[in-house]
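Remarks on the structure that follows.
The values are calculated or read from the model by the stated rules, or taken from the named source; none is laboratory data. Note that the structure is predicted; figures quoted are calculated from it, not measured. All Cβ positions, even for glycine, are placed from backbone atoms using ideal geometry, and neighbour counts span all protein chains on display.
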Amino acid sequence: MSSKCLALRAVLTETLQQVDRDTCGKVVEELSNGLKYQYHTAWNIVLPILATLTEQVGPLHPELLYPMLRQLSELRASDNMKLEKEADFVVGKAVAAMGPRRVLEAIPLNITGDETRVRVPGLLALARLPGAYQ
């Protein structure tokens, strides 16, 4: 991880505990923009930052992370995602910060029981996600 990435993570850790909900929402929204495909070459930097963001915002304002988690889940299920472990790590941090119930509210499994094949990459084994219990 680059020194710039570590510095940004340190800033997030120190400041997000002290800001109001609206400011947290703007930070989440802006950093979530890094998940757009046009920034795919930077996902290896964006994902650890989103993990830190999730750790800090999740316990305080979990609902602010729902759109980012949905977007990450869609990316994780696509053929464009080459950083599956890193994406799973962010979801694992969400499980630790928000609890599995809230993560499943953000990323529903959509299992009805009528499926012949279930495709839920990275989410079926919530209990074993990296970062969930660290």
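Per-residue answers, yes or no, for (1) free of Cβ contacts under 8 Å to residues at least 40 places away in the same chain; (2) among the β-branched types (Val, Ile, Thr):
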{"residue": "Ser3", "(1), (2)": "yes, no"}
{"residue": "Leu8", "(1), (2)": "no, no"}
{"residue": "Val11", "(1), (2)": "yes, yes"}
{"residue": "Glu14", "(1), (2)": "yes, no"}
{"residue": "Gln17", "(1), (2)": "no, no"}
{"residue": "Gly25", "(1), (2)": "yes, no"}
{"residue": "Glu29", "(1), (2)": "yes, no"}
{"residue": "Gly34", "(1), (2)": "yes, no"}
{"residue": "Tyr37", "(1), (2)": "no, no"}
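Do we find a residue being on the phi > 0 side of the Ramachandran plot and more than 10 Å from the chain's Cα centre (by Cα) anywhere in region 72-82? Within region 72-82 (the criterion being on the phi > 0 side of the Ramachandran plot and more than 10 Å from the chain's Cα centre (by Cα)), the answer is no, since none of the residues qualifies.
Rundown of residues vs (1) surrounded by fewer than 16 Cβ atoms within 10 Å (Cβ to Cβ); (2) in contact with an Asp or Glu (Cβ under 6 Å, 6 or more places away or on another chain); (3) modelled with pLDDT under 90, yes/no style:
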| position | (1), (2), (3) |
| --- | --- |
| Leu64 | no, no, no |
| Lys82 | yes, no, yes |
| Val90 | no, no, no |
| Lys93 | no, yes, no |
| Ala97 | no, yes, no |
| Leu109 | yes, no, yes |
| Val118 | yes, no, yes |
| Ala127 | yes, no, yes |
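Applying the set (1) closer than 18 Å to Glu29 by Cα; (2) under 10 Å from the mean Cα position of the chain (by Cα); (3) surrounded by 22 or more Cβ atoms within 10 Å (Cβ to Cβ) to Val57 leaves exactly one unmet item: (2).
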